[in-house]
Structures are given as C-alpha cells and as structure tokens.
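Trainee: My questions all concern the structure below.
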Amino acid sequence: MTVTPSTLRLIDFTARGGPYFGAAMREGRARDTGSRSLHVTGPDGLEWTVRRLLLPLAMRPYPPSELIELSHPDREAAAGLPLGFIVVPVLLPFLPLVLLCRALRLLPWTVEARTYPWGKRFPPIVFAYEIRGRDETRLALEELAAALARGDGAPIVQGAERAR
C-alpha cells in the first residue's frame, strides 16, 4: 500500500497587493470601504446609498430618524427600543461568530438601499435584501445600484430575498 502525499496548495498573499502602511493604508481602507457602499442618483433626483451591512438587522440599533416612526402606539417594536441600546453591546462579542457563519454561507449578508426623500429628520425609504455569499453580495450591490439608477420602484435582485 502506497501513500501519496496531498499536494501543497500555495496561496499568493500579494495578489491583492502588498501590506499598506501610513497614507497607503488609509487609501486602501477607503478603497475597501468604498467597495461595500455605492452612491446612486435616480432619475427622480433621489440619492440612494447602497451598501452591504456588517451587523445583522437584529443587532443594529434603530437610527433616530426611524425612532419617530417606531414611537407610534400601533407599533409593537416600540416597547423593545430602550432595551436595544443595552442589548447591542452584549451581542457585539458574537460578531466574529456571525462573520464565520456568513463565510460558511450559513447566514446571509444584508444588502440595503436607503434614501431620505424628506430629509434626515424623517423616516427613510429602505430596501433590504438578504443574500448568501460574499461575491454574490458584490454582484447584488451593482445590480441594485443599476436598478435604482434606472428608476425601478421596487427592484428585484436575482438570487436575493427581500427582507424589507
């Protein structure tokens, strides 16, 4: 019986470029952040921010512009709002576990398009989609940005499920 050794798979760490230091580090970080967020202006003049969210929707606190809408008595989420600011720091240590599950395609990424047609003080218009896979989210970002630039009212993103 002969044992054949497995082949060694070499990884080229310089494929994305060398390590960044100083000003190049800031530029590289800005370039990487820019790949997660796109700014698009639709034909109706609305300025959309399309981005991939790092925190899941359940772990994110509500922005102040949405607190006004959620404070209405008909909303059931209004009772849990003060607890959200307490629970987020407790859940933050679980973020690496969430990122690992996303890398293994067990949890979806959230791609969100947001605009403030009435100003930052009022609730925004938000389209959120859940999609599995990091490369697929990049394609979904581009597809969603192109659809909003064309003026689609509620764009349909291939391979993604509408979250809200």
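The values are calculated or read from the model by the stated rules, or taken from the named source; none is laboratory data. This structure is a prediction, so every number in the text was calculated from the model and none was measured. Virtual Cβ from ideal backbone geometry, glycine too; neighbours counted across all protein chains shown. Only protein heavy atoms, including side chains, enter the accessible area calculation; ligands, DNA and RNA are left aside. Shrake-Rupley method; radii C 1.70, N 1.55, O 1.52, S 1.80 Å.
Trainee: Show me 101-114, 146-159 ranked by packing, highest mean number of other Cβ atoms within 10 Å first.
Mentor: In descending order of packing, they fall as 101-114, 146-159.
Trainee: Tell me, Kirkwood radius of the range 79-157 from alpha-carbon pair distances, in Å?
Mentor: 14.9
Trainee: A follow-up question, please. Using the heavy atoms of the protein chains and a 1.4 angstrom probe, tell me the accessible area per residue for the range 124-164 in square angstrom.
Mentor: 55
Trainee: Taking a probe of 1.4 angstrom, what is the accessible area of residue 122 in Å², to the nearest 10?
Mentor: 110
Trainee: Multiply the residue separation of residue 138 and residue 39 by 0.36 nm, subtract the distance between their alpha-carbon atoms, and state the gained length in nm to one decimal.
Mentor: In short, 34.2 nm is gained.
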